[in-house]
1. Working with all protein chains in place, sort 53, 138, 115, 68 by solvent-accessible area computed with a 1.4 Å probe, largest first.
2. Suppose we keep just the alpha-carbon trace of the stretch 64-154; what are its Rg and Dmax in angstrom?
3. Given a 1.4 Å probe and heavy atoms of the protein chains only, how would you sort 89, 114, largest accessible area at the top?
4. Taking 0.36 nm per intervening residue step and subtracting the Cα-Cα distance, what contour gain separates residue 45 from residue 106 on full extension?
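The values are calculated or read from the model by the stated rules, or taken from the named source; none is laboratory data. Owing to the predicted nature of the structure, the values given are computational and were not obtained by experimental measurement. Surface accessibility is based on the protein's heavy atoms, side chains included, excluding ligands, DNA and RNA. Shrake-Rupley method; radii C 1.70, N 1.55, O 1.52, S 1.80 Å.
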Amino acid sequence: MRGAFRLLLGLTTAATLGLGVQGVATASAAVTASGASATTAAGAAETWHWGPTASTDTKGWAGGVIRTTRSGLRISGDLYDASGARTCSWLKIKWLTDRGKYRVATFRNCSQSSTLAFRVNAGYMLSAEAKVCRGTATRITGRCSDWEGVWSQGG
């Protein structure tokens, strides 16, 4: 009885809002026998693409995707290295958490033949920036790009 009343109340509200007969039929088809909504689009993850961000000598670059997860946001992508011997490409990702703290993740790729896939679980963040640098196998030596805005809350 209660489920039928909820269905009737939902249909009445939809008709009152001016969705018309077609909107009411669609709304009734989206309600299952248990009274729960059967929409699948609400569970889909949102994605934002970023990059490519290149070092100043353009021998290293990175790009990727930011996805929503159950525990916040995940930054992932690929780091490319197209340089000569004894040099590496470095990626620094910096994000501002919802608690006002900056966090940094650093990745290195010294292989000219393959890309490095990276992934950072950033959680609930307010903004994220990335820069690509050149360096040795142990540290960044220079030729860094500027911090590029990768993602920001609210656009």
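1. Details: 53 5, 138 115, 115 70, 68 45 Å².
Most to least solvent-accessible, the answer reads 138, 115, 68, 53.
2. When restricted to the Cα atoms of the stretch 64-154, Rg and Dmax are 13.8, 42 Å.
3. On the way: 89 0, 114 60 Å².
Sorted by accessible area, descending: 114, 89.
4. Numbers: separation 61, 0.36 × 61 = 21.96 nm, distance 2.53 nm.
Answer, rounded to one decimal: 19.4 nm.
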